[in-house]
Amino acid sequence: MIQALSGQLLLGLINGSFYALLSLGLAIIFGLLDVVNFAHGAQYMLGAFLAWMGLQYLGIGYWWALLLSPLVVGATGLVVERVFLRRLQGLDNLYGLLLTFGLALVIEGLFHHAFGNSGSPYPVPELLRGGFDLGFMYLPKYRAWVVVVSLGISLGSWFVIEKTPIGAYLRAGTENPRLLQAFGVNVPVMFMLTYGFGVALAGFAGVMAAPIYQVTPMMGSSLIMVVFAVVVIGGMGSILGSIVTGIGVGLVEGFTKFLWPEAANVVVFVLMAVVLLVRPAGLFGRQK
Amino acid sequence: MSAPSAAPILRIRDLQAFYGESHVLHGVDLDVAEGEVVTLLGRNGSGRTSTLKSILGLVGRRTGSIQVGGQETVGMAPHRIARLGIGVGYCPEERGIFASLTTEENLQLLPRIGAAGMPDAEIYDMFPNLLERRRSQGTRLSGGEQQMLAMARILRAGARLLLLDEITEGLAPVIVQALGRVVQQLKERGYTIVLVEQNFRFAAPLADRHYLLEHGRVVDTIEAGQLSGRMESLQEFLGV
C-alpha cells in the first residue's frame, strides 16, 4: 500500500520536475517576448535526440551531452528568434503562437521522417545506475538525480531572475520593454538571449529525460499538452508559479494514479478548467 | 563638447511623427543649446509628449531630422539614442517605475549612458526619501517619491540631456516646489532640460525659452525676457 503510493508519488515528482523545467522556460519566454512558444515540446525532443545522436554517431556520453545539447538547442533558438520571431513583434501574439506551432510540426516531421516512430532507448550513465533502498521503497539513483537537478536549475533560475541585476533587466523588460530600451538597454538582444535560454532549458530537460523515457520524435508533443495546462494553472508568465505548479501537478497526477488510475491523464485538465473558472489569471498570475 | 556653445545640442527640423495611421506631428522645429532649459507648452493633444517620444524613437514612425549633439537620430534604435555622447534621459508622463523592482533596483537598473553619472551620495542628498525607502517596491512609493525616483535614475545613469514629461502632474504644492528646486539646481550644474509642463507657474521661472505647440507644430516661440509682455496672449493660448 505505502509502497504503491510512494512509487506513484515518486513518478509524479519526476514528471513534475520535467513540467517545472519546461513551464519555467515557457513562462520566461512568454513574460518577456509575449510569445507562446508552441515549439517548446519539439525543442525538448531535439535536446533528447541530439544526446542520442551524439552517443550513437560520435560517441559523446551523457555528461557532455548534458552540456552540449542544450547549447546547440539554445543556439537554434537564437536563430529562430532573430530570423522569425523578431519580425512578428508588435503583432498579435497569435502570430508567434502559429509560427512556433508550425515550427514544431516541421521539426517533428523531419525527425519522424528520418528516424520513424519507434523509440530508441538511451542508457543511464554508469555513475547513476543502481539505487537506494529506502525501506518503504526502492529509489533509482537516476530518478533522484533528475529531481534534484531539476529543482536546482528551477530554483537557481528563480533566484537569478528575482534577486540579481540581470534578473532586474528581465523583470523590467517584462513590464515595459519599450521604456527599458529608451533607457539605453539593448532590448532586441535581450529578447534573443532570453528566447535562447528558455529553449536551452527545454533542450536540457530533453537530455535529462532521455534515459527515463524512450527517445522518439513525438516525445515532446505528448508532454507539452500537460505543460501548457501547468502554465495556465500557474499563471502565464509567473516564474515561481510555473515551478511550484509543475511539481504540484506532477504530484497530483501521481496521487490520482494511486487512487483512481483511469482519471490520472484527465485530472490535470480538470484542474485547469477549475482554476480558469475561479482564478482566470492562474494561481500565481496577476489579475489584469 | 568641442562644438561652440552656440551649436544646439538638440536640433529638430520638420519633424513628422506617426502612430500607425494617425499623423501626430506635422513639422516641429526647435533648438536647445547645451545648458538651456526650454519648455514645450500647449493644450492636451498638441504634440508635446509626442515630440519627446520622437526624440527617443518611441513613436511608430518619424521623418525629418532630429540631431543630438550633431548626430542624426531618425532611424536609430532607441537604446542607441539614449547612449549618444551627452546621454539622453527620459522621465515619462506615467513615470515608468517598474512594479516588480524595488526602489533601489529601479534606481540602479539603468546602464551608464553618459560620461559622468551622479554618484549615489549626491543622489540621496538630492532625494533623501529614496534612501529611506530603498527596499520598498517601486510602485509602493508616493507619487512624489516615484517622480523623484524617475528623475534620480536618469541622473545616476549619467544623462545630461533630460526630457521631463509633466513631472509636476498630480503632485502636492510642497512636492512641486521641491521639484522646482531640483530642476533649478540641475540647471545651475549645466544640465540641458526639455520640460513638458501644464503647470506654467512651475515652468516660467526655470525656462530660458518656451515653445508653443498646436496641432503638432510649433506656432510660437517666447524667450524668457519677453514673457511679461506676452502673458495675456499666452494665457489665452493655454486656455487658462
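The values are calculated or read from the model by the stated rules, or taken from the named source; none is laboratory data. Quick caveat, the model's predicted, so the values are computed rather than measured. Cβ atoms come from the backbone with ideal geometry, glycine included; neighbour counts cover every protein chain shown. All accessible areas refer to the heavy atoms of the entire protein, side chains included, with ligands and DNA or RNA removed. Shrake-Rupley method; radii C 1.70, N 1.55, O 1.52, S 1.80 Å.
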Test result for residue B:105, within 14 Å of another protein chain (Cβ to nearest Cβ) and more than 17 Å from the chain's Cα centre (by Cα): yes
Failed criterion for residue A:148 (all others in (1) under 19 Å from the mean Cα position of the chain (by Cα); (2) within 16 Å of residue A:37 (Cα to Cα); (3) among the hydrophobic types (A, V, I, L, M, F, W, C) hold): (2)
From the options A:79, A:73, residue that is buried (at least 21 other Cβ atoms within 10 Å of the Cβ) and of a type in the set (Val, Ile, Thr): A:73
Out of A:122, A:95, sole residue that is farther than 20 Å from residue A:46 by Cβ and among the aromatic types (Phe, Trp, Tyr): A:95
Selected residue (only one of A:241, A:285, A:237 is open to solvent by less than 20 Å² (accessible area, probe 1.4 Å), outside any helix (DSSP H, G or I) and within 14 Å of another protein chain (Cβ to nearest Cβ)): A:285
Members of region B:200-230 that are of a type in the set (A, V, I, L, M) and open to solvent by 60 Å² or more (accessible area, probe 1.4 Å): B:219
Filter pass, residue B:36 being open to solvent by 70 Å² or more (accessible area, probe 1.4 Å) and among the acidic types (Asp, Glu): no
Residue identified as closer than 15 Å to residue B:162 by Cβ, in a loop (DSSP other than H, G, I, E, B) and touching a residue at least 12 places away in the same chain (Cβ under 8 Å) among B:35, B:89: B:35
Region B:164-176 - residue that is assigned to a helix (DSSP H, G or I) and open to solvent by 30 Å² or more (accessible area, probe 1.4 Å) and, of those, nearest to the other protein chains (Cβ to nearest Cβ): B:175
Residue B:100 vs. criteria away from chain A (no Cβ under 13 Å), open to solvent by 20 Å² or more (accessible area, probe 1.4 Å) and at pLDDT 90 or above: no
Subset of region A:106-138 that is among the aliphatic types (A, V, I, L, M) and exposed (fewer than 15 other Cβ atoms within 10 Å of the Cβ) - its residue that is nearest to residue A:35 (Cα to Cα): A:106
Residue count, region B:56-69 (criterion: open to solvent by 30 Å² or more (accessible area, probe 1.4 Å), within 20 Å of residue B:193 (Cα to Cα) and among the small types (Gly, Ala, Ser)): 1
Only one of A:48, A:65 that is assigned to a helix (DSSP H, G or I), buried (at least 19 other Cβ atoms within 10 Å of the Cβ) and touching a strand residue (DSSP E or B) at 6+ places or on another chain (Cβ under 8 Å): A:48
Selection status of residue B:72, surrounded by fewer than 16 Cβ atoms within 10 Å (Cβ to Cβ), closer than 25 Å to residue B:16 by Cα and within 14 Å of chain A (Cβ to nearest Cβ): no
Residue ID - farthest from residue A:221 (Cα to Cα), chosen from residues in region A:82-99 that are part of a helix (DSSP H, G or I) and in contact with a Leu (Cβ under 8 Å, 6 or more places away or on another chain): A:88
Cross-chain or 6+ apart pairs with Cβ under 6 Å, region B:204-222 first and in contact (Cβ under 8 Å) with a residue 60 or more places away in the chain, then among the hydrophobic types (A, V, I, L, M, F, W, C) and open to solvent by 50 Å² or more (accessible area, probe 1.4 Å): B:212/B:219
Filter pass, residue A:139 being touching a Phe, Trp or Tyr at 6+ places or on another chain (Cβ under 8 Å) and modelled with pLDDT of 95 or more: no
Which listed residue, of B:40, B:52, B:84, B:30, is within 14 Å of chain A (Cβ to nearest Cβ) and not in a loop (DSSP other than H, G, I, E, B): B:52
Selected residue (criterion: surrounded by the fewest Cβ atoms within 10 Å (Cβ to Cβ)) from residues of region B:125-163 that are of a type in the set (A, V, I, L, M), assigned to a helix (DSSP H, G or I) and away from chain A (no Cβ under 14 Å): B:131
